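A.B. asks: Below are the structure tokens for one structure; questions will follow.
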Amino acid sequence: MDPHDSFREFMAVRQQSLMRTAYLLMGDARLAEDLLQTVPLKVLGRWPKLAGVTSPQAYARKALVNQYISWRRRLATAAESPRDEVPDRPYATEDSTVVRLVMLRALARLPARQRP
């Protein structure tokens, strides 16, 4: 008998449950699938110790949540933000600053209900 048979069986039985948890965390099916793909490797690394435990699903769920937290922290500290288009010129030029200030003053003169 292959030592990983019990792991394969565990993942086959618990994958839907872990997917629901991942979806609740991420709020998007595709992102939940990405998150769920990281868990089997972590669980497999600990499987010899988890195989004798009564609830290896608790470890798998905890690994899923920890990975989610790690992703959120990484996103929160990322200095770069993706853009749809690459700008033709730098954002902070003297002309753009002047235009921005003029626009802000013009918006400030509008009544509150007409401001964007």
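A.B. asks: If the Cβ limit is 8 Å and pairs must be 6+ apart or interchain, which residue in region 7-21 that is under 18 Å from ARG46 (Cβ atoms) and basic (Lys, Arg) pairs with which residue that is modelled with pLDDT of 90 or more and surrounded by 14 or more Cβ atoms within 10 Å (Cβ to Cβ)?
C.D. replies: Note: pairs meeting the criteria are ARG14/ALA60.
A.B. asks: Does region 29-43 hold any residues that are surrounded by 11 or more Cβ atoms within 10 Å (Cβ to Cβ) and modelled with pLDDT under 90, and which are they?
C.D. replies: Of everything in region 29-43, those that are surrounded by 11 or more Cβ atoms within 10 Å (Cβ to Cβ) and modelled with pLDDT under 90 turn out to be THR38, VAL39, PRO40, LYS42, VAL43.
A.B. asks: List the pairs whose first member sits in region 55-67 and is aromatic (Phe, Trp, Tyr), whose second member is in a helix (DSSP H, G or I) and at pLDDT below 90, and whose Cβ atoms are under 6 Å apart, counting only residues at least 6 apart or on separate chains?
C.D. replies: TYR59/LEU50
A.B. asks: Now for a different question. Give the residues of region 44-85 that are surrounded by 11 or more Cβ atoms within 10 Å (Cβ to Cβ), among the β-branched types (Val, Ile, Thr) and at pLDDT below 90, sorted by residue number.
C.D. replies: VAL53
The values are calculated or read from the model by the stated rules, or taken from the named source; none is laboratory data. In this text, all values refer to a predicted model and were calculated from it rather than measured experimentally. Please note: Cβ atoms are built from the backbone with ideal geometry, for glycine as well, and neighbour counts cover all protein chains shown.
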